């Protein structure tokens with residue numbers, strides 16, 4: 001009897017362990033703090049590239065396996081950069097930034113625009129705002145030993161593609177029958193930026209996903225992590241799909257859901 005009881009207990013323990021392993025919880029997607037995006041709670045900082053008396057504020061809103069997301073603000077200033085240290089994906093929250101490359105070409109980015117400062121950029125950055133210029137930036141943690149020789153100027157995210165026009169249709173391995181469009185807009189040495197659109201669908205991700213920064217351009221995305229609660233992200237939301245996410249992803253839109261994403265470069 002004792003032997004049978006021991007065997008039964010052992011079987012229960014094994015079954016419980018298998019069940020727990022099979023239902024391992026997934027990390028949850030993260031909505032970026034809207035208060036911080038609105039400029040609240042930023043902390044005074046100094047930076048090696050700025051004069052010590054420049055008025056600067058910053059707050060890290062996400063730090064993951066592959067990248068950091070930070071909100072920064074600063075007073076009007078002109079800053080000289082020689083060979084920018086990394087690819088930097090930028091969203092202008094307030095004000096405008098005029099970047100002039102060493103070849104003399106100047107580009108101005110205003111509130112609501114996305115752009116990339118490529119690794120190796122040399123030139124002047126002129127920030128202006130209603131007292132403070134404010135931006136959201138995404139920077140990958142892994143540094144590349146090379147720069148993209150053909151991309152020495154800042155890259156403005158194509159407004160036409162961003163609006164959903166002229167994007168290449170692709171066959172999506174996760175659901176070949178689904179209407180999906182995807183195009184890489186910036187192919188950098190450290191990060192890539194792509195526009196993705198797809199018809200309403202639910203996808204079950206049983207294999208862990210890679211970390212991804214997402215801006216919802218149109219529609220909604222409802223993500224339900226394995227063992228967790230659903231979260232819905234709407235047009236205008238910034239969120240992060242953490243490394244290792246598993247679960248379901250339901251995308252809805254007026255025919256097509258559309259998102260702008262930043263991921264580690266190849």
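The values are calculated or read from the model by the stated rules, or taken from the named source; none is laboratory data. Quick caveat, the model's predicted, so the values are computed rather than measured. When we count neighbours, we look across all protein chains shown, and the Cβ atoms used for this are built from the backbone with ideal geometry, even at glycine.
Confirm whether residue 84 is closer than 20 Å to residue 190 by Cβ and outside the structural domain of residue 189 (by TED's automatic domain parsing).
Judged against the criteria, residue 84 is a match.
Collect the residues in region 1-41 that are outside any helix (DSSP H, G or I) and modelled with pLDDT under 50, keeping them in residue-number order.
Correct list: 1 only.
Can residue 148 be described as in the same structural domain as residue 47 (by TED's automatic domain parsing), surrounded by 13 or more Cβ atoms within 10 Å (Cβ to Cβ), out of contact with any helix residue (DSSP H, G or I) (no Cβ under 9 Å at 6 or more places or on another chain) and closer than 26 Å to residue 216 by Cα?
No.
Scanning region 45-64 for residues that are more than 16 Å from the chain's Cα centre (by Cα) and touching a residue at least 60 places away in the same chain (Cβ under 8 Å), which turns out farthest from residue 27 (Cα to Cα)?
Filtering first and then ranking leaves 55.
Please tell me if residue 189 is under 20 Å from the mean Cα position of the chain (by Cα), modelled with pLDDT under 95 and more than 23 Å from residue 256 (Cα to Cα).
Against the criterion (under 20 Å from the mean Cα position of the chain (by Cα), modelled with pLDDT under 95 and more than 23 Å from residue 256 (Cα to Cα)), residue 189 qualifies.
When residue 167 is evaluated against the numbered criteria (1) free of Cβ contacts under 8 Å to residues at least 60 places away in the same chain; (2) assigned by TED's automatic domain parsing to the domain that holds residue 71; (3) in contact with a helix residue (DSSP H, G or I) (Cβ under 8 Å, 6 or more places away or on another chain), which criterion, by number, is the only one it fails?
It is condition (2) that residue 167 fails.
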